[in-house]
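Beneath this line is the structure, given in structure tokens, with notes to follow.
The values are calculated or read from the model by the stated rules, or taken from the named source; none is laboratory data. Remember, predicted model here, so these are calculated numbers, not experimental data. Backbone-built Cβ (ideal geometry, glycine too); neighbour counts: all protein chains shown. Note: areas computed on protein heavy atoms with side chains; ligands, DNA, RNA excluded. Shrake-Rupley method; radii C 1.70, N 1.55, O 1.52, S 1.80 Å.
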Amino acid sequence: MSHLFKPGDQALTLKAGFGFAAMTEVTLDIFIGEGLKAVQPDGQVWTAPYDGWVIYREDADGCGFFRVRHLMPLRGDFTPEQQKSHEVSA
């Protein structure tokens, strides 16, 4: 599902975390795969516990890390395809 996003995309958080309320508009920064290491702004090395996106908000300090399933894209048409109904023969 991470292929739906790219760095710089706008998204909504579907779950609260890292000081971000649910339904907060954020910008996606970097995708980090599970087990990969990243250096935090304070210099500490951090290992991603799951696949996810580093996110930030223009008017807030700090950033967060969210699973892909906890983000909703704010561009394009990503609504799931509805199943076609089938006529039932009598």
Given (1) modelled with pLDDT of 95 or more; (2) open to solvent by less than 50 Å² (accessible area, probe 1.4 Å); (3) not polar (S, T, N, Q), number of the condition residue 64 does not satisfy: (1)
Filter result for the condition that a residue is modelled with pLDDT of 95 or more and not in a loop (DSSP other than H, G, I, E, B), over 46, 53: 53
Selection count, region 27-45, where residues are acidic (Asp, Glu) and open to solvent by 80 Å² or more (accessible area, probe 1.4 Å): 2
Test: residue in region 17-26 that is in contact with a strand residue (DSSP E or B) (Cβ under 7 Å, 6 or more places away or on another chain), surrounded by 16 or more Cβ atoms within 10 Å (Cβ to Cβ) and of a type in the set (Ser, Thr, Tyr): yes
